[in-house]
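Peer 1: Please find one structure pasted underneath; my questions will follow.
The values are calculated or read from the model by the stated rules, or taken from the named source; none is laboratory data. As the structure is a prediction and not an experimental result, all values here were calculated from the model. Positions of Cβ are backbone-derived with ideal geometry, glycine not excepted, and every protein chain shown enters the neighbour counts. Accessible surface is based on the protein model in full, side chains and every heavy atom, while ligands, DNA and RNA are left aside. Shrake-Rupley method; radii C 1.70, N 1.55, O 1.52, S 1.80 Å.
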Amino acid sequence: MTLHSLMYEGEHSLERQSYAPRMTRGNLLNADGFGVGWYHAGQAVRFRRAQPIWTDQSFREVARVVTSGCAVAAIRSATVGFPVDESGAQPFRDGPRLFSHNGVVEGFAGVEAKLRELAGDLSPVPDARAAVDSALLFAIAARHWRDGASLAEGLAAVVRTVTALAPGRYNLLAADGTALAATTWGDCLHVRASPEAVTLSSEPLDGSGWQAVPDRSLVTADLGSGVRVTPCEGSRPWTGT
């Protein structure tokens with residue numbers, strides 16, 4: 001898979017979603033930055049910018065020749081009150097793990113101190129110091145991962161923690177180079193799986209074979225065991241192949 005195929009190809013590509021999203025909630029434009037993380041020789045590497053994805057023609061060219069078996073790409077619509085700079089563009093990184101948050105912590109100022117307390121020492125994860133609400137969610141996930149939690153366990157712990165403190169939209173995504181995990185909480189997510197690839201996207205990128213993931217779900221995916229969707233809260237388990 002090239003980064004170009006992930007980000008630019010398809011009728012409803014990630015690039016198109018930056019200026020004409022169809023399904024995401026709370027915003028009409030995702031022009032406040034973009035980023036992509038991928039794996040090379042076992043290491044997670046990233047490219048991030050504070051500009052709209054459609055304005056960076058040099059990266060579009062580079063993306064045609066960069067290949068990876070696992071990648072995470074994100075576009076950004078900055079929440080009012082947070083700066084538009086490269087540090088806020090996702091994915092964030094913790095060693096081999098990549099993290100992205102699609103959503104918002106409502107009433108962040110009122111719970112920021114508590115989230116910082118739960119995050120603990122931010123020094124091992126520099127991205128956790130970014131001046132955005134997503135960074136503290138990432139810090140809490142990273143703390144769980146460093147304590148031995150799996151990708152999915154870390155994300156589920158974040159959702160349990162933050163939803164007990166504040167309403168909001170908490171679609172989280174993480175990768176470690178061999179597996180993906182995601183949550184849906186207040187926003188859309190779709191999955192397409194085949195024997196060759198698993199793709200998670202806010203909107204179907206193109207074609208058929210996409211399934212909508214129910215709200216308040218936890219998704220785990222890898223090529224060995226396929227896709228598994230279980231409730232974060234509420235509805236019955238659903239399994240995809």
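Peer 1: Taking 0.36 nm per residue of sequence separation and subtracting the Cα-Cα distance, how much length would be gained by fully extending the chain between residue 45 and residue 163, in nm to one decimal?
Peer 2: Values: separation 118, 0.36 × 118 = 42.48 nm, distance 3.06 nm.
My answer for the length gained is 39.4 nm.
Peer 1: Here's a follow-up. For the chain, what does -39500 (n - 2.57) per DSSP helix run (n ≥ 4), summed and divided by total residues, give at 222 nm, in deg cm²/dmol to the nearest 500? Before the final figure, lay out the partial values.
Peer 2: On the way: 6 runs with 57 residues, N = 241.
Theoretical 222 nm ellipticity from helices: -7000 deg cm²/dmol.
Peer 1: Where the eigenvalues come from the Cα gyration tensor of the chain, what are the semi-axes √(5λ) of the equivalent ellipsoid, largest first, in whole Å? Could the numbers behind the result be given before it?
Peer 2: Details: eigenvalues 116, 90, 65 Å².
Semi-axes from the Cα gyration tensor: 24, 21, 18 Å.
Peer 1: On to the next question. With a 1.4 Å probe and every protein chain left in place, tell me how much accessible area residue 67 has, in Å² to the nearest 10.
Peer 2: It works out to around 90 Å².
Peer 1: Using a 1.4 Å probe on the protein heavy atoms, what percent of the accessible area of region 149-241 belongs to carbon and sulfur?
Peer 2: Numbers: 2080 of 4040 Å².
Here it works out to 51 percent.
Peer 1: What is the gain in length, in nm to one decimal, between residue 60 and residue 23 on full extension, counting 0.36 nm per residue of separation less the C-alpha to C-alpha distance?
Peer 2: Values: separation 37, 0.36 × 37 = 13.32 nm, distance 2.44 nm.
Once the chain is fully extended between residue 60 and residue 23, it gains 10.9 nm.
Peer 1: Determine the per residue accessible area of region 1-119 with all protein chains present and a 1.4 angstrom probe, expressed in square angstrom.
Peer 2: Working: 5710 Å² over 119 residues.
Per residue, region 1-119 has 48 Å² of solvent-accessible surface.
Peer 1: In addition: Relative contact order of region 1-54, please, whole-number percent, based on alpha carbon pairs below 8 angstrom and at least 6 residues apart. The partial results should precede the final answer.
Peer 2: Details: 60 pairs, mean separation 14.4, N = 54.
Value for region 1-54: 27 percent.
Peer 1: Rounded, prolate or oblate: which fits region 29-124, taking a ≥ b ≥ c as square roots of the Cα gyration tensor eigenvalues, rounded meaning a/c under 1.5, else prolate when a/b beats b/c?
Peer 2: Working: a/c = 2.87, a/b = 1.40, b/c = 2.04.
Oblate is the answer for region 29-124, as a/c is 1.5 or above yet b/c matches or exceeds a/b.
Peer 1: Which value in nm describes the separation of the simple spin-label points at residue 11 and residue 86, placed 7 Å from the Cα toward the beta carbon?
Peer 2: Those two pseudo-labels are separated by 3.7 nm.
Peer 1: Dipole of the chain (Lys/Arg Cβ +1, Asp/Glu Cβ -1, origin at the Cα centre): which of 19, 83, 122 lies farthest to the positive side?
Peer 2: Towards the positive end, the residue furthest out is 122.
Peer 1: Mind listing the phi-derived Karplus ³J(HN,Hα) values for region 123-130, rounded to whole Hz, using 6.51, -1.76 and 1.60 with θ = phi - 60°, and x for any glycine or proline?
Peer 2: Each residue's phi maps through the Karplus curve to give 4, x, 10, x, 4, 5, 8, 4 Hz.
Peer 1: May I pose another question? Hey, can you find the accessible area per residue of region 124-241 for me, probe 1.4 Å, expressed in square angstrom? It would help to have the intermediate numbers written out before the result.
Peer 2: Numbers: 4980 Å² over 118 residues.
Here the residues of region 124-241 average 42 Å² of exposed surface.
Peer 1: Which value, in debye to the nearest 20, gives the size of the charge dipole of region 1-146 about its Cα centre, when Lys and Arg are +1 and Asp and Glu are -1 at the Cβ?
Peer 2: Working: 16 positive and 15 negative charges, 48 e Å.
Computed charge dipole of region 1-146: roughly 240 debye.
Peer 1: Kindly state, to the nearest 0.05, the FRET efficiency for residue 2 paired with residue 117, given R0 = 35 Å and r defined as their beta-carbon distance. Don't skip to the end; give the middle numbers.
Peer 2: Details: r = 42 Å, r/R0 = 1.20.
Step by step, r from the Cβ atoms, then E = 0.25.
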